[in-house]
Amino acid sequence: IVVQSTSFLTGFADSYAHLLLIRVFSGVGEAAIGAYFMTMVDNSATPKTRTLWIGVYMLAIPLGMAIGTTLSGYISANVHTGDRAPWRLAFFISGIGGIPFALGAILYPARFSPTSHGLKKKIS
């Protein structure tokens, strides 16, 4: 939710300082997602599929950056938003478009428990 809301709020930035502050919070949220996702995979994937899901996540990062950059550039160059700068629309779309993924991660049930599959619990 932090990443989606900061992406959306970036569209309202009216100075460099404001833009920088919002993007710092976005970076903190994105860093937290990485740690959360690994924990979610560890708790919900079976040992046989765990590496697959980690690979999908690791692929999604550069793929999302490539798609996001391409679409943002297209929007900025081709969509006219009246008196507002067109780059702002890309952040509004990104913020709104990511909400289903954020809610899916929050509502995702943990299905795998190491002890329910006869595996010994890890001692940390």
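The values are calculated or read from the model by the stated rules, or taken from the named source; none is laboratory data. From a predicted model like this one, the values you see are computed outputs, not experimental measurements. Note that each Cβ is placed from the backbone with ideal geometry, even for glycine, and that neighbours are counted across all protein chains shown. For the accessible areas, the whole protein counts, side chains as well, though only heavy atoms, and no ligand, DNA or RNA atoms are used. Shrake-Rupley method; radii C 1.70, N 1.55, O 1.52, S 1.80 Å.
Ignoring ligands, DNA and RNA, what percent of the accessible area of the stretch 1-118 is carbon or sulfur (1.4 Å)? Walk me through the numbers on the way to the answer.
On the way: 5840 of 7910 Å².
The C+S portion of the solvent-accessible surface of the stretch 1-118 is 74 percent.
Could you give the length gained by full extension between residue 59 and residue 88, i.e. 0.36 nm per residue of separation minus their alpha carbon distance, to one decimal place? Display every interim value, and only then the final one.
Details: separation 29, 0.36 × 29 = 10.44 nm, distance 2.66 nm.
Contour length minus the Cα-Cα distance gives 7.8 nm.
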| message | Rounding to the nearest 10 and keeping the result within 0 to 90°, find how far the Cα-based axis of helix 87-97 lies from the longest principal axis of the chain. | response | 30
| query | Using a simple charge model, +1 on the beta-carbon of Lys and Arg, -1 on the beta-carbon of Asp and Glu, nothing else, what dipole does the stretch 1-103 show about its Cα centre, in debye to the nearest 20? | reply | 180
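Counting only helical runs of four or more DSSP H residues, what would the 222 nm mean residue ellipticity of the chain come to if each run contributes -39,500 (n - 2.57) and the total is spread over all its residues?
Calculated from helices alone, the mean residue ellipticity at 222 nm is -23500 deg cm²/dmol.
Hey, what's the chain come to in accessible area per residue, 1.4 Å probe, Å²?
Values: 8810 Å² over 124 residues.
Result: 71 Å² per residue.
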| request: For the chain, just the Cα set please: Rg and Dmax, both in angstrom. | output: 18.2, 62
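Between residue 66 and residue 23, take the C-beta separation as r, use R0 = 25 Å, and let me know the FRET efficiency to the nearest 0.05.
Values: r = 19 Å, r/R0 = 0.76.
It comes to 0.85.
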| What accessible surface, in Å², does a 1.4 Å probe find on residue 76, ignoring ligands, DNA and RNA and rounding to the nearest 10? | 50
